[in-house]
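Report on the following structure.
The values are calculated or read from the model by the stated rules, or taken from the named source; none is laboratory data. Please read these numbers as outputs of a predicted model, since none were measured by experiment. Reconstructed Cβ throughout: ideal geometry from the backbone, glycine too, with neighbour counts over all protein chains shown. All accessible areas refer to the heavy atoms of the entire protein, side chains included, with ligands and DNA or RNA removed. Shrake-Rupley method; radii C 1.70, N 1.55, O 1.52, S 1.80 Å.
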Amino acid sequence: MKAMTVTVAFGIVVILGTVFGFGVTGGMSNGSELRATWTSDTGRQVSANHHAVAVADGSVYAPISDDGDGSCALISMGVADGEIRWTYGIPPENCTIHAVADPTVTDVDSDGQNEVLAATTEKEVAILDTNSGDSETGLDLSDYGYTQPIVADLAPTTGQEIIAVDVTGTVFVFGSDDTTLWTANLNKYVWAQPTVEDLDGDSRSELLIGGQNGNAVLFGHNGTVEWNATVSDKGSITWGTHGQADEDPALESFFATTDGDIVAVDGRNGVVEWRTTVGELAAVRAFGDADNDGSSEVYATAQNGRVHALDAATGEKEWTTEVVVDRVQMMPPPNLGDLNGDGSLELLAVGNDGSVTVLDPETGAILSSYARDVQIFTHATIADSDDDGAGEAYVIYADGRVVRLEYKRLN
């Protein structure tokens, strides 16, 4: 089945930093263009798809949900044209808007061949052959998975572990032989992506999880709780990221809460270092020194349609740009990536109104935009899938269609 080709139609109107999109559009400004090279033939009746795609080995792996008619699936498509290669279907009785969560692509069994992993409403982590979509095995969960499985060296055992947290907050750590090494139950819903990293600077990885109750919990390699910190006493944790923001060995974690805060937490002890309010339903994902000023920034959004650059060490706002003017349900977090291959990073902000906007991470200036008249509920995936030095953006819309976007300077 071939992808439908998108041509540039209409225009993007940029007024006072706000992007207005009409129909299926591509926009140009400042001598640049963000355009769609294909749109996948994976449309569904339900307009609630909200799990991001994975891109690896020449394929896009898209988690597609529906309204229960049996068309929920993880679908593999070619990066060059969006052509469907295989479909791993979810039974009709398990076909919901959470049918397949964000997939992970990695060589989980160290056989030299990548696998694709995804938590599903069949209460398992499905592990599939990337070439055929055939199931290699499934790891049992206690409920459906909402977040992306992690493959990392967490426990002191041979090989890597698979870490999955189901939606009700039950943690599973599976060994390389698929045995369960340990579990823990937070007894709270988990919507934010967990992290495995050496967060406290002790040269061993830990597992960090933020919950619906506003608490963040750091687990050691054997499941012991190293710290349990209150990030918010009013809102839930829905998004997060991490990085080095100061001079001590521990990393900082940055959480976004439903009540509108971005909160920096010390990885060593869970102490809150700073808190900045950006607006209700805050979201965060991108972290880095994208403006090359010698210090890192955290890039956040909120339901109000604004994008913020925050100093990672202090939480001070460096700039704010409004990219969506109409009231929307939520705003996904932005991404950083080198979109035009010039060696510098751009900031890519997707809007719940269907817009995708390229911003200068130094100033917040809008460089170019694209829009479909369909909502977006999750972040884009940026990958240099054609090895030309520039990252392509893969955006899944609420109707289940994936759009590949390329950003090019015209002069």
Scope segment 318-340; condition outside any loop (DSSP other than H, G, I, E, B) and either within 17 Å of the chain's Cα centre (by Cα) or more than 16 Å from I262 (Cα to Cα) (or both); matching residues: T321, E322, N335, L336, G337
Hits in segment 96-124 (condition: among the polar types (S, T, N, Q), in contact with a Phe, Trp or Tyr (Cβ under 7 Å, 6 or more places away or on another chain) and either part of a strand (DSSP E or B) or open to solvent by 60 Å² or more (accessible area, probe 1.4 Å) (or both)): T120
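Within segment 125-176, work out how many residues are hydroxyl-bearing (S, T, Y), crowded, with 19+ Cβ neighbours inside 10 Å and either more than 26 Å from D198 (Cα to Cα) or in contact with a Leu (Cβ under 7 Å, 6 or more places away or on another chain) (or both).
2
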Residues being open to solvent by 20 Å² or more (accessible area, probe 1.4 Å), among the small types (G, A, S) and either closer than 21 Å to G294 by Cα or touching a helix residue (DSSP H, G or I) at 6+ places or on another chain (Cβ under 8 Å) (or both) - total across segment 305-353: 3
Odd one out for G89, checked against (1) surrounded by fewer than 20 Cβ atoms within 10 Å (Cβ to Cβ); (2) under 21 Å from the mean Cα position of the chain (by Cα): (2)
Qualifying positions in segment 177-191 - open to solvent by less than 30 Å² (accessible area, probe 1.4 Å) and not in a loop (DSSP other than H, G, I, E, B): W182, A184
Residue satisfying all of: in segment 68-86; touching an Asp or Glu at 6+ places or on another chain (Cβ under 9 Å) and either in contact (Cβ under 8 Å) with a residue 60 or more places away in the chain or open to solvent by less than 10 Å² (accessible area, probe 1.4 Å) (or both); nearest to V402 (Cα to Cα) among these: G82
Y407 vs. criteria buried (at least 24 other Cβ atoms within 10 Å of the Cβ) and more than 28 Å from D293 (Cβ to Cβ): no
Subset of segment 161-201 (residues that are aliphatic (A, V, I, L, M) and either within 15 Å of H98 (Cβ to Cβ) or under 21 Å from the mean Cα position of the chain (by Cα) (or both)): I162, I163, A164, V165, V167, V171, V190, A192, V196, L199
